[in-house]
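The values are calculated or read from the model by the stated rules, or taken from the named source; none is laboratory data. Here the structure is a predicted model, which is why all the values come from computation and not from measurement. Note that we place each Cβ from the backbone using ideal geometry, even for glycine, and neighbour counts take in every protein chain shown. Accessible surface areas use protein heavy atoms only, side chains included; no ligands, DNA or RNA. Shrake-Rupley method; radii C 1.70, N 1.55, O 1.52, S 1.80 Å.
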Amino acid sequence: MTTKRSTNKPIENLGVEFIKSIVKSHNCIYQAISLNNDQGNDCFIEFIDNNIATSFCVFAQIKSGKSYKDKTGYKIPADLDHLQYWNNHLLPIAGIVFDVELERAYWVNITEYLKINPQILLNKSHNIRVDRNNELSLKTFPLFKEHFTNYSRDYKNYENFGRSLEAFTNLSQPDICYTGLKSLFANHRERQASWYYIILNFANINEKGIQINILGMLSNYLDNSTVFWNSEDYLHYQASSIRLKIAEFINELFTPKAVEVSLCFLKDGIAQGSFTYLVFLVLNQLNDIHDIVYQFALAENIELDERNNLFWLYIHFAQHRSVDKTIAAIDDFLIRYPNNDEAYLFEGIKETILKEGYIQTG
């Protein structure tokens, strides 16, 4: 699933800057999310107490302008992709509307809203209502912080590591498995064991929403600031101490079955700024990903369209490991499958690699 964000217009920036100034005035962390990563949120807020990070965090979607106000109050329009993305998120989501004329902001706990109104997820779209009583200002920020801090404690119901892990491995009951994953991330993301079992268990999970969350979590820990944070904010991210261990676990524990599960999200290609690019970056951590995908591409009893797609993915993984071997593999592929309507595409890719040294991914 991917979500699309609107073009960053000046009027939208008014709300972003307003919220940013409030958060920073209260000595809390405001992390802007790059526009290259249109996953449905504008920022990440971590609450600070006495100059110490609390680990209580929320993501926020910020809306500005007249289109988010009607006769009955304020609203946040959302399509099904956004609703499902927010509903499946590992951390609480705050929806914020900035009234440009009044220079006031109002908020709603989207996560709680969807939990109370699950029928909304059956609709193609929905207007999330924002209560005028929930104003967000310099004066009321402590109430906003208190609400989400208390609400976040729901994620700590499984704070004991053993209980979290036991819940996560309950594959027969996806809701319990998902609760365990939330707790592992919220309470135990600095434990090596958490990531060991998350990565180990990934291939055995059949619930698409959980798979998406795990791949998204892993992408946040890659040494690539364009994945999640703006470069100026990346230094704040707590991942630095565990990042190398996660990369090591991916190489040790990500089986061909796990790769196959992940490749399902790349059937329509790779686009930067979408979830597909995050999946590509995770898989590219595997030292032998090109060999695994190559074997998939040569498997018997698969349709030619699927074979071509897998071989196209192989090229993107392989080109950074050995240009010569990639070119040789293209030649061999064209010989193996001579009646291929897309042969000209692979010939073009080959020429580009020979000329430029690589083809652009995403």
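Figures for the structure shown
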{"read-out": "Rounded to 10°, Cα long-axis angle of helix 10-25 versus longest principal axis of the chain", "value": "70"}
{"read-out": "Under the Karplus curve 6.51 cos²θ - 1.76 cosθ + 1.60, θ = phi - 60°, whole-Hz ³J(HN,Hα) for region 278-290, x wherever Gly or Pro sits", "value": "5, 4, 4, 5, 5, 5, 5, 6, 6, 4, 10, 4, 5"}
{"read-out": "Considering only the chain, percent of DSSP beta bridges that pair antiparallel, nearest 5", "value": "80"}
{"read-out": "Among 178-190, 117-129, 248-260, the order from most to least packed when residues are scored by Cβ within 10 Å on average", "value": "178-190, 248-260, 117-129"}
{"read-out": "Gyration tensor verdict on region 37-96 (Cα atoms; rounded if a/c is under 1.5, prolate if a/b is larger than b/c, oblate otherwise)", "value": "oblate"}
{"read-out": "Low-density loop cleavage sites - chymotrypsin sites (Phe, Trp or Tyr not before Pro) in region 266-342, where at most 16 other Cβ are within 10 Å (DSSP)", "value": "none"}
{"read-out": "Across K124/K257; K208/K325; K24/K69; K20/K69, pairs whose alpha-carbon gap is larger than 30 Å", "value": "K124/K257; K208/K325"}
{"read-out": "Accessible-area composition of the chain, carbon plus sulfur, in percent [1.4 Å probe]", "value": "48"}
{"read-out": "Inter-label distance for Q119 and S21, nm, one decimal - labels placed 7 Å from Cα along Cα-to-Cβ", "value": "4.2"}
{"read-out": "Cα Rg, Dmax, region 43-163, angstrom units", "value": "15.1, 51"}
{"read-out": "Shape call, region 127-223: gyration tensor on alpha carbons, a/c limit 1.5", "value": "prolate"}
{"read-out": "Among 90-101, 341-352, the order from most to least packed when residues are scored by Cβ within 10 Å on average", "value": "90-101, 341-352"}
